[in-house]
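S.K.: Once you've had a glance at the structure underneath, I'll fire off some questions.
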Amino acid sequence: MKPINVDRQVSTPYPPEESRTPEALPTAGFPSLRAKFVLFFSLILVIGCLTLSWYYIEERRASMARNLQQLGTILLTSVVQNEHFQYAGLVAEDRPTLQQFIDGLVAVQDVVYVVITRADGTLLVQHTKGTRQSSASLVRSVDHPLYPDPQIAKQLFQSSRTTPLITRLSLSTKIGSRFAWEEVVYDFSMPMLRTATESASLPPFAVQLDDGSTNSSPSQPALVSGVVQIGLSDARRKQELATTIKNILLLTTLIIGAGALGTYLLVLRITKPLRSLATVAQQVAQGHVPVPLTPSSRDEVGQLTSMFNLMTHSLQDRSIAITANLATIKHQVGQLTTLHQVSAAIVGTLDRSQLLNTILQLLITNLGFTRMFLMLRHHERDTAYMAQIAGVSPDIADAARQLDVPIQDNGSLQADLLIHGKPLLILNLEAVADRMQPPILDLARRSGVTSFVAVPLQSHNQILGYLAADRGSQPCTNEDLHMLLTIASHVAAAIDNAKAYSHLEELTQHLEQRIAERTQELSLANERLQEHDRRRSLFLSVASHELRTPMTVIRSFADNMRDGIAGPVSEQQLTYLTRIGHNLSRLTRIINQLLDWSRLDSNKDVLSLAPISVEAMALLVADSLRTVADEKTITLEIEHAAGLPAVQGDRDKLEQILWNLIGNAIKFTPPGGRVTVDFRTTSEGFVQISVADTGCGIDPDHIKQLFHEFSKVPSANPTAQGAQLGLFITKSLVTMHQGTIWVESTPGAGTRFYFTMPVASSREAAPQQATGRDA
């Protein structure tokens with residue numbers, strides 16, 4: 001199809017601003033990206049600075065505590081281990097010397113008191129600087145002395161430790177009755193040790209051994225001669241730590257402020273171009289032509305701005321292309337809609353007149369045609385006639401229906417359409433007037449046609465006619481020609497289908513008539529067959545009953561004669577009478593089988609179900625047939641099955657099944673043979689009964705015919721065969737009980753019949769009625 005020129009108003013692909021949802025525009029009330037970046041990096045900076053500051057302060061605090069402990073330990077150890085101090089202080093009690101030691105200790109800045117206690121617990125000497133005058137000052141006042149708890153010294157009198165005992169004391173200072181502040185003092189206590197034999201008059205500079213001890217015996221126990229206590233305050237170190245914390249906090253605040261300011265400036269450099277991009281994106285979303293942005297840098301943000309300018313330009317070009325494509329698609333959707341409606345009309349009806357009228361009206365309405373003509377070819381007369389016309393006045397329509405133009409290959413437009421199958425686009429009617437048939441040319445001029453398109457209607461390589469249309473005063477285009485070509489194939493298929501449907505309808509009516517006639521014939525034949533079947537059943541029933549009476553009389557007279565009631569009987573007469581009795585028994589079995597077969601065939605036989613012991617029933621039948629078996633010296637054995645459940649069945653029918661199978665086994669078993677009946681329970685809820693003999697067996701090729709009525713199966717004992725209905729009746733009775741029957745046989749070795757009966761516990765215990773046909 002060629003490109004379509006569309007003269008329609010181009011609409012913007014963007015919806016109007018008032019129709020867009022609020023989600024398309026920036027939403028106020030949420031923090032901006034700039035605020036999020038500044039807050040995030042500031043938070044990281046604050047956490048990092050505070051963490052480092054806290055770590056430094058804690059390390060500084062721990063270092064000061066260690067230094068204070070080391071200082072107290074050094075001071076106390078140097079005093080206690082000084083021999084001169086021990087002699088002057090504890091032996092000679094030289095107070096001027098002790099005072100010199102104490103003054104030296106008190107001169108240390110952190111020392112707040114020195115206490116020396118004798119071994120008997122009495123105070124030898126003490127000195128204190130007193131408590132601080134205020135919590136913010138390090139100046140102390142002796143008016144408020146500061147001493148440790150005496151209990152600390154008492155616990156060392158019995159101790160021989162050589163390392164200081166460090167005790168943390170929290171001392172509260174009160175002004176009047178009001179609590180002022182609290183001071184922490186670390187008490188360093190250590191006993192002074194000497195031996196028991198140490199001379200009390202040991203000179204100040206006693207001779208020391210090489211290992212640093214006095215001349216006392218090393219095995220003598222050390223005695224506590226006194227306790228020295230030194231108190232160190234951490235007030236100065238706390239004041240230094242507070243100053244350090246204040247300086248660190250000030251420095252951290254400056255770092256955080258500088259970092260936040262730097263983050264803000266950096267984020268501002270990123271978010272400002274992004275805000276410009278967001279503004280331009282909003283303009284594009286609203287359908288406006290955006291103003292190109294100027295990149296402010298050459299980094300990623302600048303590259304993003306350049307790519308965004310390129311993207312907006314591409315979007316504008318694509319928007320224009322999409323608008324044009326939407327217009328084209330809209331026009332093509334209209335054409336496809338028309339095609340779909342035409343297809344629906346074709347599927348919806350098979351009446352040719354209604355179908356053609358609907359198609360022409362749809363094309364005029366949806367495709368903008370003014371007039372449409374549909375000519376069809378009459379193959380028998382080889383002429384073209386006007387099948388349907390639309391968009392003209394009634395008088396022109398009546399005149400058009402009278403057209404019947406012969407089809408000739410004379411170079412006319414009609415020959416191009418109906419013979420050569422060429423589509424036509426006529427831009428000027430008068431230019432091709434010499435190639436048009438006069439009746440058609442006159443009709444076109446009367447209708448006001450100046451330009452038209454015409455396409456042939458082809459189906460299965462046959463031209464059925466052609467379809468023509470025009471647009472009034474507007475000239476037709478190639479697009480009109482292509483559209484008609486597309487629709488023409490559907491119209492041709494619809495016309496062909498309508499024609500086929502018409503033929504099919506005629507054929508259907510003919511077939512329905514034939515079927516009705518044949519059905520009538522079959523009904524009459526069926527009635528005759530039913531009447532024949534009824535008469536046959538009646539005949540069998542009457543004949544059987546009529547035959548039984550004389551047979552009974554004959555059997556009675558024969559038995560009386562054989563028993564000698566009518567006089568002596570010779571050996572030959574006895575043989576004849578025995579043969580008469582045998583044949584009478586055979587005839588009786590045939591009559592009984594015919595009666596049973598008649599009842600089964602007429603669907604009159606029913607079951608009276610009840611729980612039955614199949615083993616007891618088999619014993620009863622065996623006792624009845626044992627005389628016949630004994631006459632042929634055949635062993636008849638019923639094998640006992642322990643725990644055999646009762647079956648659900650009809651007592652008379654089960655007895656007849658066993659009688660037929662055991663009787664057949666005895667008949668076809670030679671003298672001296674064996675007939676065995678056994679039982680077992682299957683997993684499907686059935687009792688399986690088998691009747692086996694050692695007779696002549698059955699040829700495998702005849703087993704499949706064994707259970708058919710009147711089946712002619714060869715036997716090694718032809719005289720034992722009856723009406724060939726016993727096994728058919730037996731299978732019918734087993735099937736009525738929902739059981740199955742089958743046979744296994746080996747010629748010359750014997751035969752075994754199997755049949756199954758449902759266990760009573762798997763069915764309802766109450767008697768049920770079932771017809772032979774339903775079974």
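S.K.: Express the Stokes-Einstein translational diffusion coefficient of the range 400-462 in µm² s⁻¹, to the nearest whole number, given a Kirkwood radius over alpha-carbon pairs, 4 °C and a viscosity of 1.567 mPa s.
M.R.: Values: Rh = 12.5 Å.
Translational diffusion coefficient: 104 µm²/s.
S.K.: Here's a follow-up. Which order do you get for Trp742, Trp659, Trp54 if you rank them by accessible area with a 1.4 Å probe, largest at the top? Could the numbers behind the result be given before it?
M.R.: On the way: Trp742 85, Trp659 105, Trp54 155 Å².
Output order, biggest surface exposure first: Trp54, Trp659, Trp742.
S.K.: Pop the C-beta distance of Gln474 and Ala278 into the FRET formula with R0 = 60 Å and round what comes out to the nearest 0.05.
M.R.: 0.75
S.K.: Still on this structure, I have one more. Largest first and in whole Å, give the semi-axes of the range 390-514's equivalent ellipsoid, each being the square root of 5 times a Cα gyration tensor eigenvalue.
M.R.: Working: eigenvalues 185, 58, 45 Å².
So the three semi-axes of the range 390-514 are 30, 17, 15 Å.
S.K.: Among 315-328, 747-760, 271-284, what's the highest-first ranking by average C-beta atoms within 10 angstrom per residue? Don't jump to the answer; show the numbers that get you there.
M.R.: Values: 315-328: 13.4, 747-760: 18.4, 271-284: 15.9.
Put in order of decreasing packing, that is 747-760, 271-284, 315-328.
S.K.: Taking Cα centroids, how far is the range 132-154 from the range 467-482 in Å?
M.R.: The range 132-154 and the range 467-482 have Cα centres separated by 121 Å.
S.K.: Suppose every K and R has +1 on its Cβ and every D and E has -1 on its Cβ; what is the size of the dipole of the range 435-488 about the Cα centre, in Debye to the nearest 20? Before the final figure, lay out each step's value.
M.R.: On the way: 4 positive and 4 negative charges, 35 e Å.
The dipole of the range 435-488 has a size of about 160 debye.
S.K.: Give me Rg/Rg_expected for the range 247-379, where Rg uses Cα atoms only and Rg_expected = 2.2 N^0.38 Å with N residues. Intermediate results must be reported in sequence, preceding the final value.
M.R.: Numbers: Rg = 32.5 Å, N = 133, 2.2 N^0.38 = 14.1 Å.
Relative to the rule-of-thumb radius for its length, the range 247-379 sits at 2.30.
S.K.: Provide the gained length on full extension for the span Gln70 to Lys154, in nm with one decimal, where the gain is 0.36 nm per separating residue minus the Cα-Cα distance. Mind dumping the intermediate values first?
M.R.: Numbers: separation 84, 0.36 × 84 = 30.24 nm, distance 2.38 nm.
Going from the current span to full extension adds 27.9 nm.
S.K.: Quick one: check the C-alpha center-to-center distance for the range 610-633 versus the range 236-266, whole angstrom.
M.R.: Answer, in whole Å: 120.
S.K.: On to the next question. Suppose accessible area is computed on protein heavy atoms with a 1.4 Å probe; arrange Val743, Val675 from highest to lowest.
M.R.: Values: Val743 20, Val675 0 Å².
Largest accessible area first, the residues go Val743, Val675.
S.K.: Still on this model: Taking Lys246 as the anchor, which aspartates and glutamates have their alpha carbon closer than 17 Å to its alpha carbon, excluding any fewer than eight residues away along the same chain?
M.R.: Glu58, Glu59
S.K.: Sticking with this structure for a sec: If I take the Cα coordinates of the range 320-446 and project them onto the principal axes, what are the three extents in Å, biggest first?
M.R.: Largest first, the range 320-446 extends 52, 37, 30 Å along its Cα principal axes.
S.K.: For Glu637 and Ala62 in one chain, what is 0.36 nm times their gap in residues minus the Cα-Cα distance, to one decimal in nm? Display every interim value, and only then the final one.
M.R.: Numbers: separation 575, 0.36 × 575 = 207.00 nm, distance 11.33 nm.
Using 0.36 nm per residue and subtracting the Cα-Cα distance, I get 195.7 nm.
The values are calculated or read from the model by the stated rules, or taken from the named source; none is laboratory data. Quick caveat, the model's predicted, so the values are computed rather than measured. Here the Cβ is made from the backbone with ideal geometry for all residues, glycine too, and neighbour counts use every protein chain on show. All accessible areas refer to the heavy atoms of the entire protein, side chains included, with ligands and DNA or RNA removed. Shrake-Rupley method; radii C 1.70, N 1.55, O 1.52, S 1.80 Å.
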